[in-house]
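To start, the structure itself, in structure tokens.
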Amino acid sequence: MDMFTAMHNGLVQMGVPLWLANLVPPLVKSLILLLFILLNCMFLIWMERKVAGHMQRRMGPMRTGPHGIIQSLADVIKLISKEDIIPSGVDRWVFVLAPIVAFAPAFAVFMVIPFGPTLIAQDLNIALIFIAALTSFVVISFLMAGWSSNNKWSLLGAMRSTAQLISYEVPLVISVVAVALLAGSLSLQEIVEAQRQSFWYILVQPLGFLVFLTASLAELNRSPFDLSEAEQELVAGYNTEYSGMRWALLYLTEYANLITFAAIASTLFFGGWSGPVLPPVVWFLIKVYFFIFLVMWIRWTLPRIRVDQLMELGWKGLLPLSLVNLAFTGVYVLIR
Amino acid sequence: MTVTDWVFLAVAAVTLFSAYRVVVSRKIMHAALWLGLTFFGVAGIFLLLGADFLAAAQVLVYVGAVTTIIIFGIMLSTPEELRGPSPEAGSDAASSAAPTRRSFLPLVTAIGFAAVMVALVNRGEWPSPPGSVSTDTPRLLGEALFTRFVIPFEVASVVLLVALVGAIALALKEESGQ
Amino acid sequence: MAELAWLVPVLPLASFLFISLAGQTVKGDGDRIGIAAVGASLLLSLAILFDVIGGARVAADMVWAFFGSIQLRMGYQVDPITATMLVVVTLISFLVHIYSLGYMHGDVRYKRYYAILSLFTASMLGLVLADNFLMLFIFWELIGLCSFLLIGHWYEKQDVGYAAMKAFLTTRVGDVGMFIGIMLIFFHARTFQFDGVAQAVAAGDFAGAALAVAAVLIFAGAVGKSAQFPLHVWLPDAMAGPTSVSALIHAATLVAAGVYLVARAYGIFAPSPTALMTVAWVGGITAIFAASIALVMEDIKKVLAYSTVSQLGFMMVALGVGGYTAGIFHLVTHAIFKALLFLASGSVIHGVDTQNMHEMGGLYKKMPVTFWTWAIGSGALAGIYPLAGFWSKDEILLAAHEGGYTALFWILVIAAVFTAFYITRATILTFFGQPRDKKRFDRAHESPATMTVPLIILAALAVVLGFANSPHTGWWFSHFVYFDHPHEAAASPFVLFWATASWVVGVGAAILIYGLGVISRRAVIDNLRPVWALLKNKYYFDELYHLVFVRGTVAISRIVGWFDRVVIDGIVNLVGYGAAKLSRATGEFDLDVIDGAVNGIAVLVRSGGAVLRRLQTGYVQSYVLALFVTVVVGLLVFAFGG
Amino acid sequence: MTLSLSVVLAVSALMFGLGVYGALTQRNAIRVLMCIELVLNSVNINLVAFSRYVGPDQALGQVFTVFVMTVAAAEAAVGLAIILMVARRKAHIDIDQINLLKW
């Protein structure tokens, strides 16, 4: 990224100490990513409402701006200006920290996602493991939020989503490992390159992709796996007691995770930023938004499943399938 | 002292502080969360020591899995402790009604151990850090695991499997007994 | 082909494993598997035999274990005697396997029977192939075990169980001697290998009294396994097992192991006249002794059993007087015709369901095949020209005569007369005359083909096999199997005359007494009543053993018990009395001083324990604490102690 | 990084001491388990540090860390299963009262 190198060099020439200059490019990168996430999330919130509305033969938000396009902005302003309530009886520190613990890894994951051939914050050679490790933080944040709220709905919601996340993380990681095996690398950039050399991995990993998709829906707590926030049973799950900005942060995290999922899915199985004619970033965003739309579509199409079905599907369905997929992939790689 | 050194010292300080909090926290839930932070700090130390793969694995295994199941264990085994000690149960759990072994002896032992180790470490002649470190640790690790250490690796897998089966069996037996 | 010899025992072994582990999964409990395995072994053995005749020799071994500078080796060797034995063992085992299809049909432990039959064959083949004493001993014990299991096949019957135990224990007596002998050999020759031992003997490193003792001890094993006097008692009792088993192990293979052992270890016998003399005389005594008992037995199988003992005595004599080839040759021919006789007797027993010859009679019409094959077998046993027995027995007599063992020669001639007599007697009692038991006679029938075909094969062999070592083939066998150098027997009219005379006299006398009734059987018995009683009771050997070993042990225990009660107890009581006096004197001292000290120590220990047991708190943390205190102290010592 | 190896080792030793102290004094079995995890982690730090300073091209110490992690994960799973069972039986997990091994 020449822009950042130039910035760094410029700072050094201006007499800024080296260590400070070293810090500037990462900070700028982070800021750019943060902005990207915030804007997209706001757009997604609006998009979800519009998709939901049209699927249910209504309009969705229409009042603020053309087709309600700035509805999300209005919501943000409302949430920021709300009173910051910390209920009595909560474990204050944990309660406050939980949304941050949830958001930080969701944000950090974007560091390794390749938006284009050179458009990547940090091309780690262990990117896939990095992502898996960071996403496992979500569990802790849920437990923190649910426990600290001093509310049984929150606690039960947290325990549910934790059990769900733990169960589905295993097939998710295993299906991802199969892709890494094919590409011979854990780096996302190299995986994209490998797909450019051959073909999109969806062609050889249809089963892996299905497992990945299903497990991701569960990881994202999206329908039909949104048991942790099943309104009818648990009010709103672990974030029942949250309000205002903190609640917004948790909400933001969910959409950030949705983008992460879409980005990883398109990177691992659909060639990432690669594509003809259009610039890479555009291709990437097209694919990401396709997946986001797919998830929304599923949400407003499928009913929620029961807890026991959830666990059965995870351990008896997806895990064996992912293992079979991994085994076949291993054999394929060996004889290739 | 480079920036990295300072970062290391900071991370180490955070790690040690959270480890200390694990031991002295009154609420067991807090202890578990501090433990998570400790694990994260250890992951940071790994990263600074050039073991990036292990750092990720540390987060994945310890923060993601071990901390979670410990919290689960807390929630399932001692619901009354979830809220922390009741107000009348004395000021500090660590110094509650203790027989001899809660006296100064463990403290002396632990401090003695740490002190002797630090002293020993300071006396030793240690190699200076190498200038460059291989960045391709996953490959190094993979090659070592699947060639020279393949048998220990397989044994470790068996251990994991046995632990898995054993844990399920332990939990199941009780269920059917009730 | 000969280098595949290791496969010969492995095939039956595999079939043993298969039948015992998975036999029930196939039709017939795996009997066909066993037959196929042994049949394959037979074909392989024949191929090996032809190879060996063509001059092939194989010896292969590998290091088994090291003990310092000594290495144990295991391996196999194929030479003429081995190849011959392989064929004999596999052939008879194969025929017995087939025969058992009919004979053991519907038995309760059919599967076990076939499994052990396979194991037995495998062990015997292993024994034959072994190239050192240690392996030989291992297989030796294995066949002992198998014979125990097979004899005790119908162990529900008490006497069968006892017979099996008797066989096992009696042979064990010899085995102990053999084991000591092997150790002695190892001690002197520093190796177990046959050729290594032979080299040591040839080099003079192993000679004199030690060699003689070792040879005699080895011979003790052969005495036990080959049922030689005085350890013969188990073999007649062992007839309690299935007749097919008798044919296999008590006629052809198991007892042959003893003879084979002497032949295999001939290198240590040959240089020792004492050892040879022992072998010869034990064999001679056995030959006449067992033959005389066979004269009066009523049980058809007992007759054959004593006959076997007697014939083994013949072989031992042959080996003892230096007729190495003659002994081996008789081993081969005897294996064939004795297996034939046993199987034929089994066929008879199968038909009339009794073993007592006095309940048979006139069966030749009912069982023609059995009769004719039996007749050939008994002719061979009696030594009638040109059947197999004639050639081999003639050889033995010749060897004794040439060796100058006049006394043994005459003993053998008399034994041969006895042999011809008892086998003719058995033939007449069984197959001729009037049926003495109408019911059994009516039920009698010819046996199925699975039983008669082996008989016919064996009968054919009993006819032709003798020619292998006859002037018609230029004494071929003598040039094939020999010790040191081929020994071509010079035909001796003297020996030929007596050999012929012996069977003529024996057969004639039997016909006169039993067939034609010219001489009254009762008159003979009345005139010779003491002798008859002696023979009838098998020289009272079982009683003697009972008296000596069982009662003797009891009597000795009585004496020891009396000694214990009177002398030892007396001394003890005396000492006790003195001690009591003394203690009374010291009692005062004891009460005050010693007790005080003892009680003091006890109190100390108890209170100490009361304190120390607090350490055993059951708190895991306490233990860990102790552990870590130790670690820290250890570290301190390490760090600052020096 | 230019720090001496001894600094890393000292950090690890301190953490080890903390873990040991906790394991010796805590009454709650789960807390003991947590402290044991601390001890294991400090060992891991040692292994990785030696791997970095002594043989950076081989990563042998890291291999051992992988094994330690495996065993630690297994230990946590089985340990918690045992603790859960004790909790169900005795309605507490106070190891001061779990002393069946007593004299």
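The values are calculated or read from the model by the stated rules, or taken from the named source; none is laboratory data. These figures come from a predicted structure and were not determined experimentally. Every residue, glycine as well, gets a Cβ built from its backbone with ideal geometry; the counts of neighbours run over all protein chains shown. The protein model used for the area step is the full one, side chains on, heavy atoms only, and it has no ligands, DNA or RNA in it. Shrake-Rupley method; radii C 1.70, N 1.55, O 1.52, S 1.80 Å.
Considering the conditions (1) part of a helix (DSSP H, G or I); (2) open to solvent by 10 Å² or more (accessible area, probe 1.4 Å); (3) at pLDDT below 85, C:Asp205 is excluded by exactly one of them, (1). Within segment A:250-280, the residues that satisfy the criterion of being among the aliphatic types (A, V, I, L, M) and either surrounded by fewer than 18 Cβ atoms within 10 Å (Cβ to Cβ) or in contact with a Ser or Thr (Cβ under 6 Å, 6 or more places away or on another chain) (or both) are A:Val277, A:Leu278.
Just one of (1) modelled with pLDDT of 75 or more; (2) outside the structural domain of C:Gln434 (by TED's automatic domain parsing); (3) over 30 Å from C:Leu231 (Cα atoms) fails for C:Leu516. It is (2).
Please find, within segment C:445-476, the residue that is farthest from C:Gly102 (Cα to Cα) out of those that are touching a residue at least 60 places away in the same chain (Cβ under 8 Å) and assigned to a loop (DSSP other than H, G, I, E, B). Among those that are touching a residue at least 60 places away in the same chain (Cβ under 8 Å) and assigned to a loop (DSSP other than H, G, I, E, B), it is C:Ser470.
Name every residue in segment B:96-129 that is at pLDDT 80 or above, open to solvent by 60 Å² or more (accessible area, probe 1.4 Å) and more than 7 Å from every other protein chain (Cβ to nearest Cβ), in order of residue number. Matches in segment B:96-129: B:Val108 only. Taken over segment C:418-435, residues that are open to solvent by 40 Å² or more (accessible area, probe 1.4 Å), under 36 Å from the mean Cα position of the chain (by Cα) and more than 30 Å from C:Gly284 (Cα to Cα) amount to 1. Exactly one residue among C:Thr354, C:Thr325 is modelled with pLDDT under 85 and open to solvent by 10 Å² or more (accessible area, probe 1.4 Å), and that residue is C:Thr354.
Every residue, every condition in (1) at the interface with chain B (Cβ under 7 Å from one of its Cβ atoms); (2) among the hydrophobic types (A, V, I, L, M, F, W, C); (3) assigned to a loop (DSSP other than H, G, I, E, B), yes or no:
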position	(1), (2), (3)
D:Tyr21	yes, no, no
D:Ile30	yes, yes, no
D:Glu37	yes, no, no
D:Val43	no, yes, no
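Of the helices (runs of 4 or more DSSP H) lying entirely inside segment A:1-119, the ones with 2 or more residues being of a type outside the set (Asp, Glu), open to solvent by less than 70 Å² (accessible area, probe 1.4 Å) and in the same structural domain as A:Ala263 (by TED's automatic domain parsing) are found at A:92-108. Scanning segment C:519-543 for residues that are among the hydrophobic types (A, V, I, L, M, F, W, C), open to solvent by 80 Å² or more (accessible area, probe 1.4 Å) and in a helix (DSSP H, G or I) gives no hits.
Beta carbons closer than 7 Å, at least 6 apart along the sequence or on distinct chains, pair a first residue in segment D:1-16 that is at the interface with chain B (Cβ under 7 Å from one of its Cβ atoms) with a second that is aromatic (Phe, Trp, Tyr) and outside any helix (DSSP H, G or I) for D:Ser4/B:Trp126; D:Leu5/B:Trp126; D:Ser6/B:Trp126.
Across segment C:240-288, the number of residues qualifying as open to solvent by 10 Å² or more (accessible area, probe 1.4 Å), within 24 Å of C:Asn537 (Cβ to Cβ) and modelled with pLDDT under 85 comes to 1. Can you spot a residue in segment C:535-544 that is farther than 30 Å from C:Tyr306 by Cα and not charged (D, E, K, R)? For segment C:535-544, residues farther than 30 Å from C:Tyr306 by Cα and not charged (D, E, K, R): absent. When the residues of segment C:559-595 are filtered to those that are of a type in the set (Val, Ile, Thr) and open to solvent by 90 Å² or more (accessible area, probe 1.4 Å), the one that is nearest to the chain's Cα centre (by Cα) is C:Ile559. The residues of segment A:139-153 that are part of a helix (DSSP H, G or I) and either in contact with a strand residue (DSSP E or B) (Cβ under 8 Å, 6 or more places away or on another chain) or more than 9 Å from every other protein chain (Cβ to nearest Cβ) (or both), listed by number, are A:Ser141, A:Phe142, A:Ala145, A:Gly146, A:Lys152, A:Trp153.
Once segment C:93-114 is narrowed to residues that are hydrophobic (A, V, I, L, M, F, W, C) and farther than 15 Å from C:Pro9 by Cβ, the residue that is most open to solvent (accessible area, probe 1.4 Å) is C:Val108. Sort out which residues of segment A:177-202 are of a type outside the set (Gly, Ala, Ser), under 13 Å from A:Thr329 (Cβ atoms) and either open to solvent by 70 Å² or more (accessible area, probe 1.4 Å) or more than 21 Å from the chain's Cα centre (by Cα) (or both), and write them in order of number. Matches in segment A:177-202: A:Leu181, A:Leu182. Pairs please, first residue from segment A:241-255 and closer than 10 Å to A:Ile80 by Cα, second anywhere and of a type in the set (D, E, K, R) and surrounded by fewer than 19 Cβ atoms within 10 Å (Cβ to Cβ), Cβ atoms under 6 Å, 6+ apart in sequence or on different chains. Final answer for the pair search is A:Gly244/A:Lys82; A:Gly244/A:Asp84.
Of all residues in segment D:76-94, exactly one satisfies the criterion of being open to solvent by 50 Å² or more (accessible area, probe 1.4 Å) and under 25 Å from B:Ser157 (Cβ atoms), namely D:Ile82.
Of the listed requirements (1) surrounded by 22 or more Cβ atoms within 10 Å (Cβ to Cβ); (2) closer than 22 Å to C:Phe139 by Cα, C:Asp31 misses just one: (2). Can you find even one residue in segment C:146-160 that is assigned to a helix (DSSP H, G or I), farther than 28 Å from C:Asp61 by Cα, without any contact (Cβ under 8 Å) to a residue 60 or more places away in the chain and of a type in the set (Val, Ile, Thr)? Checked against the condition, which is being assigned to a helix (DSSP H, G or I), farther than 28 Å from C:Asp61 by Cα, without any contact (Cβ under 8 Å) to a residue 60 or more places away in the chain and of a type in the set (Val, Ile, Thr), segment C:146-160 yields no hits at all. Scanning segment D:73-95 for residues that are more than 7 Å from every other protein chain (Cβ to nearest Cβ) and assigned to a helix (DSSP H, G or I) yields D:Glu75, D:Gly79, D:Val86, D:Arg89, D:Lys90. Before we move on, is C:Arg172 of a type in the set (Lys, Arg) and touching a strand residue (DSSP E or B) at 6+ places or on another chain (Cβ under 8 Å)? Taking the combined requirement at face value, the residue does not satisfy it.
A quick yes/no check of all residues on (1) open to solvent by less than 10 Å² (accessible area, probe 1.4 Å); (2) at the interface with another protein chain (Cβ under 7 Å from one of its Cβ atoms); (3) free of Cβ contacts under 8 Å to residues at least 24 places away in the same chain; (4) farther than 24 Å from B:Ala114 by Cα:
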{"site": "B:Phe8", "(1), (2), (3), (4)": "yes, yes, no, no"}
{"site": "B:Ala13", "(1), (2), (3), (4)": "no, no, yes, no"}
{"site": "B:Arg21", "(1), (2), (3), (4)": "no, no, yes, no"}
{"site": "B:Ser25", "(1), (2), (3), (4)": "yes, no, yes, no"}
{"site": "B:Ile45", "(1), (2), (3), (4)": "yes, yes, no, no"}
{"site": "B:Ile71", "(1), (2), (3), (4)": "yes, yes, no, yes"}
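Within this structure, C:Leu72 passes the test of being more than 21 Å from the chain's Cα centre (by Cα), in contact (Cβ under 8 Å) with a residue 12 or more places away in the chain, surrounded by fewer than 18 Cβ atoms within 10 Å (Cβ to Cβ) and farther than 14 Å from C:Pro12 by Cβ.
Checked across segment C:375-391, the condition of being open to solvent by 10 Å² or more (accessible area, probe 1.4 Å) and closer than 24 Å to C:Phe483 by Cβ holds for at least one residue.
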